[in-house]
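Here the structure comes first, spelled out in C-alpha cells, and everything after it is commentary.
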Amino acid sequence: MPRSPVLLQSPRLRIRHAQPSDIPNIINYYQQNRDYLAPFEPLKTSTFYTHHYWEKAISQRLADTQAEKNLKLFLFLKQPTNTLIGSLNFSNFTRGVFQNCTMGYSLDECYQGQGYMSEALQVGIRYIFSHLKFHRIEANYLPNNQRSGKLLKRLGFKVNGYAPDYLYIAGQWQDHILTSLINPTTMRTPSQTAAKSVAFSTQT
C-alpha cells in the first residue's frame, strides 16, 4: 500500500487524496451539489460542511488507505488547474479469500454528460486491479439511477441481484441493484470453469 497520497491521472483529470489546502474547494463542492446529491447519499450533519470536519477526515482517509481499509479520492480537472468536480471511493476492503472492495462515486451536476466519470472510473479500476490486486469490485445503485446503471454496464459490471432495503440513503432504507466487476487477470480460465462443471456433474 502507498505510504504517501495516491495520485492517478487520466487525459483530463488528476485523481488524488485531498490535501488541507483543498478544504475550501471540497466544502464548496458539497454545498453547491447538496440538493443534487441528496437523493443518492446518506444524510449529512451540519458539521460535514465545516473546515474542522475535513481537517480530520483528510488525515483519517490517508491513514485508512495506508491501513488497507479504503481509498477515497477526489477528481480535479487539469485545466482549469485543480478544479474539484467529483469523488471516487473504494471502500470495505476485504482481503483473504474474498479480495473484494466496494466502489462509489459522485460528480458535480455541472459536469454531467461529458465523460468525466467514465474516464475517472477506468483509471481507478485499473489501479485497484493492477496495483492493489483485488479480485472483485462491487458497485451498487438505486433502481431509479439509470445514468449510473448505464455507466457501470459500459464499464463491464454485471448485475448480480436486487437487494431490498439495502442501504439507508436520503433518510430511508432503499433498494439497490447489485453489480460487480471481476479482475480479468484473476478470473477463472475456461478450462477451470469446465473442470468445475464436470466435477459437479460427477458428484451428482
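The values are calculated or read from the model by the stated rules, or taken from the named source; none is laboratory data. Since the model is a prediction, treat every value here as computed from it, not as a measurement. With ideal geometry, Cβ positions are generated from the backbone for all residues, glycine too; neighbour counts draw on all protein chains shown. Side chains included, ligands, DNA and RNA excluded: accessible areas come from the protein's heavy atoms. Shrake-Rupley method; radii C 1.70, N 1.55, O 1.52, S 1.80 Å.
Loop-only trypsin sites (Lys or Arg not before Pro) in the stretch 71-164, please: DSSP not H, G, I, E or B, and at most 16 other Cβ atoms within 10 Å.
Values: sites: LYS72, LYS78, ARG95, ARG126, LYS133, ARG136, ARG147, LYS150, LYS153, ARG154, LYS158; in loops: LYS78, ARG95, LYS133.
Loop-located and lightly packed - LYS78, ARG95, LYS133.
Is there a quick way to get the dipole size of the stretch 67-194? I mean about its Cα centre, with the Cβ of Lys and Arg at +1 and of Asp and Glu at -1; what is the value in debye to the nearest 20? Kindly include the intermediate steps, with their values, before the conclusion.
Values: 13 positive and 7 negative charges, 96 e Å.
So the magnitude is around 460 debye.
I'd like the accessible area for TYR30: 1.4 Å probe, protein heavy atoms, all chains in place, Å² to the nearest 10.
Result for TYR30: roughly 20 Å² accessible.
Among THR179, THR81, THR102, which one shows the highest mean-square fluctuation when the chain is modelled as a Gaussian network with alpha-carbon springs under 10 Å?
Of THR179, THR81, THR102, the Gaussian network model singles out THR81 as fluctuating most.
Could you give the size of the charge dipole of the stretch 1-100 about its Cα centre, using +1 on the Cβ of each K and R and -1 on the Cβ of each D and E, expressed in debye and rounded to the nearest 20?
On the way: 12 positive and 6 negative charges, 51 e Å.
The dipole of the stretch 1-100 has a size of about 240 debye.
Per DSSP helix of 4 or more residues, -39500 (n - 2.57); summed, then divided by the residues of the chain. What does that give at 222 nm, rounded to the nearest 500? Write out the running numbers ahead of the final one.
On the way: 6 runs with 68 residues, N = 204.
Here the helix-only value at 222 nm equals -10000 deg cm²/dmol.
Which of the lysines could a cross-linker span from LYS133 if the Cα-Cα distance has to be under 20 Å and same-chain partners fewer than 8 positions apart are dropped?
Excluding near neighbours in sequence, the set is LYS69, LYS72, LYS158.
For the chain, set up a Gaussian network in which alpha carbons nearer than 10 Å are linked by springs, and say which option among LEU181, LEU155, LEU75 fluctuates the most.
Its mean-square fluctuation being the largest, the pick is LEU155.
State the antiparallel share, in %, of DSSP beta bridges confined to the chain, rounding to the nearest 5.
Antiparallel: roughly 90 percent of the beta bridges in the chain.
Rounded to the nearest percent, how much of the accessible area of the stretch 46-94 (1.4 Å probe, protein heavy atoms only) is carbon and sulfur? Before the final figure, lay out each step's value.
On the way: 1130 of 2350 Å².
For the stretch 46-94, the apolar C and S fraction of the accessible surface comes to 48 percent.
Using all Cα-Cα distances in the stretch 1-127, what percent lands in each 10 angstrom bin from 0 up to the longest?
12, 44, 37, 7, 0
Just name one of PRO39, ILE137, THR102: the one whose Cα is farthest towards the positive end of the charge dipole of the chain (beta-carbon charges, Lys/Arg +1, Asp/Glu -1).
The residue sitting most towards the positive pole is ILE137.
How much of the accessible area of the stretch 127-182, in percent, comes from carbon and sulfur atoms when a 1.4 Å probe is used? Each step should come with its number before you reach the end.
On the way: 1620 of 3130 Å².
The nonpolar share, carbon plus sulfur, comes to 52 percent.
Keeping every protein chain present and rolling a 1.4 Å probe, give me the accessible area per residue for the stretch 27-81 in Å². Could the numbers behind the result be given before it?
Working: 3220 Å² over 55 residues.
Heavy-atom accessible area per residue stands at 59 Å².
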